[in-house]
């Protein structure tokens, strides 16, 4: 039976650090604040929003919600976002995506300053990740994967890591973060040949394909550490990952669960980014 790489103790450790820094800031008269922009009422956005609000309340970070009608057009949306970006009392900004089709993401992604871009939407932020620059904010999901590996002391130096996702949101930035730690990276995608053979030779496998319980025993070796980023609705109506947990957990050395793994850590990373953004803005 593999070790369960549970996200909850990782969250607790992150929150402990956040609480200490928040108190230090409040002692200086600074209240770190996150601005949340939601367009429309997508259920998944509301669920994530509620999770963020709960996390922020638990560690003393303030939040401001900006709720917009789903039919808002660019003429109204662009100056609205610019105004929030220029608000000195808001230190980190999260804009829920995807946006309605009338809102042009190619324009909007440039509106939030990199110093407030806590979810890595601005191309400058992503560019800093690829340059290995520490002052940028990497996307929260790749950072959550890295935090889990760090907490469970999974060695990255020289490790053979296979990431089954090549998107700019998960796979590519995660590859850069692992590369910074001297791992050897293979990015896989839908055209990768002999995927099961590639993955089965890896020390670390990260799955993020959005296919419920797709990965079975043939994708992993007995010493593999498996991080499941997938969040899918299963046939029974529950939530499951990309990995067939019941099967694979009997074989590999370590496996993160879904739910309770990467997703649990992602929100804490977002909140920590607010703290980091606030410190930069006040030059702390």
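The values are calculated or read from the model by the stated rules, or taken from the named source; none is laboratory data. On a predicted model such as this, the values are computed, not experimentally measured, just so you know. Note: ideal-geometry Cβ built from the backbone for every residue, glycine included; neighbour counts use all protein chains shown.
Answer yes if at least one residue in the range 61-76 is in contact with a helix residue (DSSP H, G or I) (Cβ under 6 Å, 6 or more places away or on another chain), under 16 Å from residue 276 (Cα atoms) and at pLDDT 95 or above, and no otherwise.
There is at least one residue in the range 61-76 that is in contact with a helix residue (DSSP H, G or I) (Cβ under 6 Å, 6 or more places away or on another chain), under 16 Å from residue 276 (Cα atoms) and at pLDDT 95 or above.
Under 7 Å by Cβ, and 6 or more places apart or on different chains, what pairs join a residue from the range 270-284 that is closer than 12 Å to residue 25 by Cα with one that is part of a helix (DSSP H, G or I)?
275/18; 275/21; 275/22; 278/25
Applying the selection to the range 40-75, what residues are surrounded by 14 or more Cβ atoms within 10 Å (Cβ to Cβ) and assigned to a loop (DSSP other than H, G, I, E, B)?
Those that are surrounded by 14 or more Cβ atoms within 10 Å (Cβ to Cβ) and assigned to a loop (DSSP other than H, G, I, E, B): 40, 42, 60, 61, 72.
Of all residues in the range 105-124, count the ones that are crowded, with 24+ Cβ neighbours inside 10 Å and over 14 Å from the mean Cα position of the chain (by Cα).
Residues in the range 105-124 being crowded, with 24+ Cβ neighbours inside 10 Å and over 14 Å from the mean Cα position of the chain (by Cα): 2 in total.
Can you list the strands (runs of 3 or more DSSP E) found entirely within the range 180-284 that contain at least 1 residues being modelled with pLDDT of 95 or more and within 15 Å of the chain's Cα centre (by Cα)?
Strands (runs of 3 or more DSSP E) meeting the threshold: 204-207, 225-228.
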